Amino acid sequence: VPRVERRGRAPLCLAVAIREYNDHLKKIVVVQRETKCRGKNGVELIWSLPGGSKWRAWGVKNNTRREFFEETGQRITTGMRLGKRRHPEFPGRVTFYTLCELRSHLPGDKIRFRPGPNIRQVRLVTPEEFVRLTTTDIYPPLASILGLTIERIAEIRKAAAQSRATSSGKKARP
């Protein structure tokens, strides 16, 4: 068993698993964790990309495959690395983003995810749903692949906030 890095916080390996359909509609896999994380500005991370701590001896691609399987019960093929960054809300960690593809050849609605330990649920969502579910900024190279501009992300989040305000009986902020 590889040793987990002990100095500081271990880097995170995130699997950006995208599924393309015949009409080129892209969907992305997200997980809802049992335990919510709170960022430095108080932002609560409820939904996120599958991933977890990097084991030093395994490398980014192997860790990404391992973490994705542990959290979703599905296998992926790892592709190109999108990059790495220190997340603005969670600056204590370096996060690696890897573009992946689900190995399943089933249609999206037929894929059965098996949430792993500490995972409440797993979903395959559209880019717009991804924006509505996430509470932190979206890594710019990922947003680009999903066809999301800064303006489009702001528009989706504003509409989501207005919808929440309407359903709760409050007026949305302009």
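The values are calculated or read from the model by the stated rules, or taken from the named source; none is laboratory data. What you see is a predicted model; the values in this text were computed from it and never measured. Please note: Cβ atoms are built from the backbone with ideal geometry, for glycine as well, and neighbour counts cover all protein chains shown. Surface accessibility is based on the protein's heavy atoms, side chains included, excluding ligands, DNA and RNA. Shrake-Rupley method; radii C 1.70, N 1.55, O 1.52, S 1.80 Å.
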| query | Would you call P115 closer than 30 Å to Q162 by Cβ and either touching a Ser or Thr at 6+ places or on another chain (Cβ under 9 Å) or modelled with pLDDT of 90 or more (or both)? | reply | no
| message | Need pairs with beta-carbon distance below 9 Å; first residue open to solvent by 20 Å² or more (accessible area, probe 1.4 Å) and within the range 104-120, second aromatic (F, W, Y); sequence gap 6+ or separate chains. | response | P107/Y21
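Say whether the condition of being in a loop (DSSP other than H, G, I, E, B) and buried (at least 16 other Cβ atoms within 10 Å of the Cβ) is met by at least one residue in the range 76-84. I'd like the intermediate steps shown before the answer.
Keep residues of the range 76-84 that are in a loop (DSSP other than H, G, I, E, B), which gives none.
Checked against the condition, which is being in a loop (DSSP other than H, G, I, E, B) and buried (at least 16 other Cβ atoms within 10 Å of the Cβ), the range 76-84 yields no hits at all.
Just to verify a result, which residue in the range 2-46, among those that are part of a strand (DSSP E or B) and of a type in the set (D, E), is modelled with the lowest pLDDT? Steps first, please.
Kept after step one, since they are part of a strand (DSSP E or B), are these residues of the range 2-46: 4, 12-20, 26-38, 44-46.
If we keep only those that are of a type in the set (D, E) as well, we get 20, 34, 44.
Working: E20: 66, E34: 91, E44: 86.
By that ranking, first place goes to E20.
When the residues of the range 47-61 are filtered to those that are among the small types (G, A, S) and either touching a Lys or Arg at 6+ places or on another chain (Cβ under 6 Å) or in a helix (DSSP H, G or I) (or both), which remaining residue is modelled with the lowest pLDDT?
Here is the first cut: in the range 47-61, the ones among the small types (G, A, S) are 48, 51-53, 57, 59.
Of the ones still in play, those that are also either touching a Lys or Arg at 6+ places or on another chain (Cβ under 6 Å) or in a helix (DSSP H, G or I) (or both) are 57, 59.
Details: A57: 74, G59: 80.
Among those that are among the small types (G, A, S) and either touching a Lys or Arg at 6+ places or on another chain (Cβ under 6 Å) or in a helix (DSSP H, G or I) (or both), it is A57.
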| task | Restrict the check to the range 150-164 and report whether at least one residue is in contact (Cβ under 8 Å) with a residue 12 or more places away in the chain, under 16 Å from V31 (Cβ atoms) and open to solvent by less than 70 Å² (accessible area, probe 1.4 Å). | result | no
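Looking at the range 121-135, which of the residues that are in contact with a Gly (Cβ under 9 Å, 6 or more places away or on another chain) and buried (at least 18 other Cβ atoms within 10 Å of the Cβ) is farthest from V30 (Cα to Cα)? Before the answer, list the steps.
Taking the range 121-135 first, the residues in contact with a Gly (Cβ under 9 Å, 6 or more places away or on another chain) are 122, 124, 127, 135.
Next, from what is left, pick out any that are buried (at least 18 other Cβ atoms within 10 Å of the Cβ): 122, 124, 127.
On the way: V122: 6, L124: 6, P127: 11 Å.
Applying the filter and picking the extreme gives P127.
Restricting the search to the range 62-87, which residues are at pLDDT 85 or above and farther than 22 Å from I111 by Cβ? Reasoning before the result, please.
Restricting attention to the range 62-87, the residues satisfying the condition of being at pLDDT 85 or above are 62-86.
The answer is N62, N63, M80, R81, L82, G83, K84, R85, R86.
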| Which of the residues spanning the range 41-75 are open to solvent by 30 Å² or more (accessible area, probe 1.4 Å) and aromatic (F, W, Y)? | W55, W58, F69
